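Take a look at the structure below.
The values are calculated or read from the model by the stated rules, or taken from the named source; none is laboratory data. None of the values given here were measured: they were computed from a predicted structure. FYI the Cβ positions are ideal-geometry reconstructions off the backbone, even for glycines, and counts take in every protein chain you see. For the accessible areas, the whole protein counts, side chains as well, though only heavy atoms, and no ligand, DNA or RNA atoms are used. Shrake-Rupley method; radii C 1.70, N 1.55, O 1.52, S 1.80 Å.
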Amino acid sequence: MADINFARAISQALDEEMARDEKVYMIGEDVRAGVFTAQAGLVQKYGEERVIDTPISETAIAGSCLGAAIAGYRPVADMMFDDFMLICMDEMKNAAQWRFANGGFIKVPIVYRLPMGGYVGLGADHSRAMFSPVMHLAGMKVVVPSTPYDAKGLLKTAIRDDNPVCFFEHRLLYRTRGPVPEEEYLIPFGVADVKKEGSDLTIVALGYMVQWAMELAKEYEAKGVSIEVIDPRTLEPLDIDTIVKSVEKTGRVLLVEEDMTRCGATAEIGMQIMDRAFDSLDAPILRVGAKNFPIAGGPMEKLILPSKNDIITAIDKLLGR
Amino acid sequence: MKLERDDLLKLYRNMVLTRKTDESIIDGIKTGRVVSFFHSGQGHEATDVGGVTFLRKGDWAMAGVRGHGVGQAIAKGLAPREFLAEHCGKATGCCFGWSGFHTANLELGLPGYWGTVGTTFPITLGLGIACKKDGKGNVVVSYFGDGASGRGTLHEAFNMTSIYKLPVVWLCENNMLAINMPASEAVASKDVADLAYGYNMPGVVVDGQDVVAVAEAVMIAVERARAGDGPSLVECKTFRFRPHSEGGKMIRGYQPIPEEEIAEWRSKDPIVLFRKKLIEQGIAANVELDKIDGDAAAEIAVAEKFVAESPLADPERMFNSLYA
């Protein structure tokens, strides 16, 4: 198993799926060149008919995917920044609802790739993590990978899914490395991954935050605290069973995401834990996320976004230290 | 294309059946059979039917909001009873009865309906991308109103269908009212067709009450699209005989539209005009056209009975349909 980076894993998934199925094509702004390098070399291999560069027209990109999907194609749209998806939220809502609202017999296989996230200093226009808006689109699947292995296996599944999928790619993950098998594999949706087993405390983290959770879990391990780290990997469908099982074991849970905590994905996960595992909780559920502010630009963003210190404070509070 | 006698009678039949289906829905609203609302397309039959009747299998007809796509669906071969059943919440509807008012049938080239004005522009773009990729010469005829021409989605989709030379015919049904907002106050250009110039595509204006004029103009654009020469814009000047939504009033701006004006437009009923023409030109006799009218009325009567006897939409089927 070779170590490759996250961007290469995305690129391999796109390449393999485009080779496997000629109905798969890519569309977006600057997809030929690739703004974040995740699709390097694909236009040379598959041509401009399957790597379609567009004007700056997010609405048309997102909505065209719906039309092409209705007609039997499997578009993969690169939205460049998840912040930009708000321009075309109506189109994404329609993609999510088209099947249901038109009798339930039309397939809508679309992947909206959503490069995302902060800690790069790009300010209020380019830094948001926006899981929760798309979780509100009934009919839309939502994927948030945190490792190269998960990114490749989940993107291949997303492309083969007959439903629309939002696929979040944190920009700081692109250069992170991890083992990815040579042979083909797929990762099913709705299966959380226990990234590290533990017995004292459960951390459920999303995307880039999984990395921090893992680093801190190792630090606490050295101090004799056993932390279990769970990566849901998909928010719709959500594998609440794996989370509940862990909470029943540890009795303490911290939810970490980069999005604002107000109405965030962790608000939903926390409430589901309350519904399912209230009696197992030895302490209130805690959450760490961005403050309910726009993201500031440059170094000031640190004051808005969640920090490792926020996570440490929450862990210590949960452990009563 | 040259329209033969059979083609002309087909246009007449499709318009009559469209009108009678529309009337049946309005009756259903009054009697409580219809479960949702209705935006009657009466007055638009020439454009709804004229732009679609001569499309072939594999072509797409993307309806706008007016009439819930009734004319386009019938011209594409959808049985009126499926349209009626959908509006009555019945399991035999074309969308199994829980959409309220949508029309979809992929085999017939009806990609699905959406009630948000202007949503159809980017979806049409995608259907056009698919048709071009298929390489079978299929086209998309996509309807929108003067109201939808205010949406930014128009710009993006017009621009991209043109730069990619996609096989799309944009068909504007300009009935001069967006709910109550007059086109004279809402559309900056003299004609919506003027927009075509900026997108490097042909744009024409036709009389939307003349079904033959509409069909001929659209088929010229269709042939151009099939040949790979890209999109066109056909603007049909028309009028709606009824309020924006059933139960509403005929308003322009915030004032009632004068009765005389409505009467004048009603005198340009596209079905009456076409019937007169068919008889005057010796193409069809009164008795033949009466038979078409009678057959359509009988079909609707049978359809209404079928709908009345149909089961309601199946909740289990609905709840199993969120994901493929």
task: All but one of (1) assigned by TED's automatic domain parsing to the domain that holds A:Pro284; (2) in contact with a helix residue (DSSP H, G or I) (Cβ under 8 Å, 6 or more places away or on another chain); (3) of a type in the set (Lys, Arg) hold for A:Lys245, so report the exception by its number.
output: (2)
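One line per residue, one yes/no per condition, for (1) in contact with a Gly (Cβ under 9 Å, 6 or more places away or on another chain); (2) assigned by TED's automatic domain parsing to the domain that holds A:Val204; (3) of a type in the set (Ser, Thr, Tyr):
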residue	(1), (2), (3)
A:Trp98	yes, no, no
A:Asn102	yes, no, no
A:Gly117	yes, no, no
A:Ala129	yes, no, no
A:Thr147	yes, no, yes
A:Cys166	no, no, no
query: So which of A:Glu215, A:Glu248, A:Glu236 ends up being in contact (Cβ under 8 Å) with a residue 12 or more places away in the chain, of a type outside the set (S, T, N, Q) and surrounded by 20 or more Cβ atoms within 10 Å (Cβ to Cβ)?
result: A:Glu236
- request: Quick one: B:Ala284 ticks every box in (1) within 14 Å of chain A (Cβ to nearest Cβ); (2) touching a Leu at 6+ places or on another chain (Cβ under 7 Å) except a single one, so which number is it?
  value: (1)
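Output the residues belonging to region A:53-81 that are under 18 Å from A:Phe105 (Cβ atoms), part of a helix (DSSP H, G or I) and of a type in the set (D, E, K, R).
Filtering region A:53-81 for residues under 18 Å from A:Phe105 (Cβ atoms) gives A:66-74.
Adding the requirement that they be part of a helix (DSSP H, G or I) leaves A:66-70.
Result: no residue meets the conditions.
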field: Which listed residue is on the phi > 0 side of the Ramachandran plot and either among the β-branched types (Val, Ile, Thr) or modelled with pLDDT of 95 or more (or both), from A:Gly34, A:Gly28
entry: A:Gly28
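Hey, could you check region A:23-49 for residues that are at the interface with another protein chain (Cβ under 9 Å from one of its Cβ atoms) and not aliphatic (A, V, I, L, M) and say which is most open to solvent (accessible area, probe 1.4 Å)?
If we filter region A:23-49 for residues that are at the interface with another protein chain (Cβ under 9 Å from one of its Cβ atoms), which is where we start, we get A:23, A:25, A:27, A:49.
Imposing the further condition that a residue be not aliphatic (A, V, I, L, M) reduces the set to A:23, A:25, A:49.
Numbers: A:Lys23: 70, A:Tyr25: 1, A:Glu49: 114 Å².
Only one residue tops the list, namely A:Glu49.
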message: Could you check region B:133-160 and list, in sequence order, the residues that are facing another protein chain (nearest Cβ under 9 Å) and crowded, with 24+ Cβ neighbours inside 10 Å?
response: B:Val140, B:Thr153, B:Glu156, B:Ala157, B:Met160
Test: residue in region A:81-101 that is in contact with a Lys or Arg (Cβ under 8 Å, 6 or more places away or on another chain), within 18 Å of A:Ala158 (Cα to Cα) and more than 7 Å from chain B (Cβ to nearest Cβ): yes
query: Quick one: how many residues across region A:193-211 are more than 19 Å from A:Pro237 (Cα to Cα), open to solvent by 30 Å² or more (accessible area, probe 1.4 Å) and among the hydrophobic types (A, V, I, L, M, F, W, C)?
result: 0
- prompt: Hey, among A:Ile110, A:Ile70, A:Ile61, which residue is at pLDDT 95 or above, within 14 Å of another protein chain (Cβ to nearest Cβ) and touching a Ser or Thr at 6+ places or on another chain (Cβ under 7 Å)?
  reply: A:Ile61
query: Just wondering, is there one or more residues in region A:116-139 that are within 14 Å of another protein chain (Cβ to nearest Cβ), of a type outside the set (D, E, K, R), crowded, with 24+ Cβ neighbours inside 10 Å and not in a helix (DSSP H, G or I)?
result: no
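Could we say that A:Ala13 is farther than 16 Å from A:Tyr174 by Cα, small (Gly, Ala, Ser) and either in a helix (DSSP H, G or I) or more than 14 Å from chain B (Cβ to nearest Cβ) (or both) here? Give the derivation first.
Values: farther than 16 Å from A:Tyr174 by Cα: no; small (Gly, Ala, Ser): yes; either in a helix (DSSP H, G or I) or more than 14 Å from chain B (Cβ to nearest Cβ) (or both): yes.
Spelling it out, it is not the case that A:Ala13 is farther than 16 Å from A:Tyr174 by Cα, small (Gly, Ala, Ser) and either in a helix (DSSP H, G or I) or more than 14 Å from chain B (Cβ to nearest Cβ) (or both).
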message: For region B:292-324, which positions are open to solvent by 80 Å² or more (accessible area, probe 1.4 Å), within 14 Å of another protein chain (Cβ to nearest Cβ) and not in a helix (DSSP H, G or I)?
response: B:Asn320
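So, in region A:1-33, of the ones that are of a type in the set (Gly, Ala, Ser) and without any contact (Cβ under 8 Å) to a residue 24 or more places away in the chain, which residue ends up farthest from A:Ala60 (Cα to Cα)? Steps first, please.
Keep residues of region A:1-33 that are of a type in the set (Gly, Ala, Ser), which gives A:2, A:7, A:9, A:11, A:13, A:19, A:28, A:33.
Subset that is without any contact (Cβ under 8 Å) to a residue 24 or more places away in the chain: A:19, A:33.
Working: A:Ala19: 26, A:Ala33: 20 Å.
Of everything passing the filter in region A:1-33, A:Ala19 is farthest from A:Ala60 (Cα to Cα).
For region B:254-272, check the following and say yes or no: at least one residue is in contact with a helix residue (DSSP H, G or I) (Cβ under 6 Å, 6 or more places away or on another chain) and open to solvent by less than 40 Å² (accessible area, probe 1.4 Å). Walk me through how you get there before you give the answer.
Of all residues in region B:254-272, those in contact with a helix residue (DSSP H, G or I) (Cβ under 6 Å, 6 or more places away or on another chain) come to B:270-271.
Okay, now just the ones that are also open to solvent by less than 40 Å² (accessible area, probe 1.4 Å), so B:270-271.
Checking region B:254-272: at least one residue is in contact with a helix residue (DSSP H, G or I) (Cβ under 6 Å, 6 or more places away or on another chain) and open to solvent by less than 40 Å² (accessible area, probe 1.4 Å).
Within region A:58-67, is even one residue open to solvent by 10 Å² or more (accessible area, probe 1.4 Å) and within 20 Å of A:Leu155 (Cβ to Cβ)? Show your work before the answer.
So in region A:58-67, the residues open to solvent by 10 Å² or more (accessible area, probe 1.4 Å) come out as A:58-59.
When the remaining residues are screened for being within 20 Å of A:Leu155 (Cβ to Cβ), the result is none.
So far as region A:58-67 goes, no, none of its residues is open to solvent by 10 Å² or more (accessible area, probe 1.4 Å) and within 20 Å of A:Leu155 (Cβ to Cβ).
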Those residues of region B:211-229 which are touching a helix residue (DSSP H, G or I) at 6+ places or on another chain (Cβ under 6 Å) and not β-branched (Val, Ile, Thr), in sequence order: B:Ala215
message: Can you find a residue that is assigned by TED's automatic domain parsing to the domain that holds A:Ala277, touching a helix residue (DSSP H, G or I) at 6+ places or on another chain (Cβ under 8 Å) and farther than 20 Å from A:Thr266 by Cα anywhere in region A:186-199?
response: yes
